């Protein structure tokens, strides 16, 4: 399960604004789990201005249909 806290821990030190591809590369180099990498790959391809911007997109139930704003569950 990917949570906002988990995602944030793998994106520490990232410079903003940042693109989706840079986010994924940074998370990969930080040792992110496959669940987190998949979640980041499912983000829209655009520029992200902050960590909050990223987590808002990942955990927005109305936009992505996930069960909870607090946790992203991937099978």
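Quick note: the coordinates plus some simple rules give every number you see, no bench work behind them. No experiment lies behind these values; they were computed from the predicted model shown. Neighbour counts run over all protein chains shown; Cβ positions are idealised from the backbone, glycine included.
Pairing residues of segment 1-30 that are touching a residue at least 12 places away in the same chain (Cβ under 8 Å) and at negative phi with residues that are surrounded by fewer than 12 Cβ atoms within 10 Å (Cβ to Cβ) and outside any loop (DSSP other than H, G, I, E, B), at Cβ distances under 6 Å and at least 6 apart in sequence or on separate chains, gives 17/47; 19/47. Among the residues of segment 1-11, the ones that are assigned to a helix (DSSP H, G or I) and surrounded by 15 or more Cβ atoms within 10 Å (Cβ to Cβ) come to 4 in all.
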